[in-house]
Amino acid sequence: MVKYRYDGMYMIVVHVTQGDTLTGNPLLRLTEVNNNETERCYAANGLLQKTFLPVKSSLQDSLNQLPKKAVVEEFCGDCVFLRAGYYAVKLTGQERYCMLYDDNNNLERPPCNFEIRYGTQKIALSPKQVYRLCWAKGAWSRIQPVEITGLAPQKTTRLKYIKANKL
């Protein structure tokens, strides 16, 4: 059995309209919310927070290598989210689910609840918006991005220099 690099991985994709194309935008982040069991979750260090990156950066593996071009085209040839303005967060199974062991040492996996935060915007995600990357689930074109309106640019004021009057 062949193990693919995205088995057990999940991805959330965001499309920021109005052209915010920074390499990594610290204002655009995924935040875990409403988890009173955080301290009991196996492999968790408090509520999860991750910064969104451009999708191609998010698809890179731990060796910083994108899969062979043919593989990306096979599963994502018609994916609009590979363009500029699309950002993603990749999650492991331990980040997607709060893994809890009961008294009988049985594993329970309630899904974590997430919000996308962008500036002052907070957008609650449904579990259906967290996509499993396992290729057995189908082509990645099934992944629908969450649409977010870009932040308005900060207005800056120009100082006017006044010439001193000659006496």
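The values are calculated or read from the model by the stated rules, or taken from the named source; none is laboratory data. Keep in mind that this is a model prediction, so the values were computed, not measured. Cβ atoms come from the backbone with ideal geometry, glycine included; neighbour counts cover every protein chain shown. Quick note on the areas: whole protein, heavy atoms, side chains included, nothing else; ligands and nucleic acids left out. Shrake-Rupley method; radii C 1.70, N 1.55, O 1.52, S 1.80 Å.
What the table below lists for this structure:
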{"read-out": "Contacts under 6 angstrom Cβ, first residue in the range 134-146 being open to solvent by less than 30 Å² (accessible area, probe 1.4 Å), partner part of a loop (DSSP other than H, G, I, E, B), 6 or more apart", "value": "CYS134/ASP7; TRP140/CYS79"}
{"read-out": "Residue in the range 115-130 that is open to solvent by 50 Å² or more (accessible area, probe 1.4 Å), in a strand (DSSP E or B) and modelled with pLDDT under 85 present", "value": "no"}
{"read-out": "Complete set of residues in the range 79-114 that are of a type in the set (A, V, I, L, M, F, W, C) and surrounded by 13 or more Cβ atoms within 10 Å (Cβ to Cβ)", "value": "CYS79, VAL80, PHE81, LEU82, ALA88, VAL89, LEU91, CYS98, MET99, LEU100, CYS112, PHE114"}
{"read-out": "Tabulated pairs, the range 92-110, first assigned to a helix (DSSP H, G or I), second surrounded by 11 or more Cβ atoms within 10 Å (Cβ to Cβ), C-beta under 6 angstrom, 6+ apart or interchain", "value": "GLY93/GLY8; GLU95/LEU48; ARG96/TYR10"}
{"read-out": "Residues (within 20 Å of PRO111 (Cβ to Cβ) and at pLDDT below 75) located in the range 23-64", "value": "TYR42, ALA43, ALA44"}
{"read-out": "Any pair with Cβ under 6 angstrom, 6 or more apart, that starts in the range 39-51 at a residue that is in contact (Cβ under 8 Å) with a residue 24 or more places away in the chain and open to solvent by 100 Å² or more (accessible area, probe 1.4 Å) and ends at one that is not aromatic (Phe, Trp, Tyr) and not in a loop (DSSP other than H, G, I, E, B)", "value": "ARG40/LEU100"}
{"read-out": "Filtered residue count, the range 96-154, keeping only those that are more than 15 Å from ASN34 (Cα to Cα), hydroxyl-bearing (Ser, Thr, Tyr) and out of contact with any Lys or Arg (no Cβ under 9 Å at 6 or more places or on another chain)", "value": "3"}
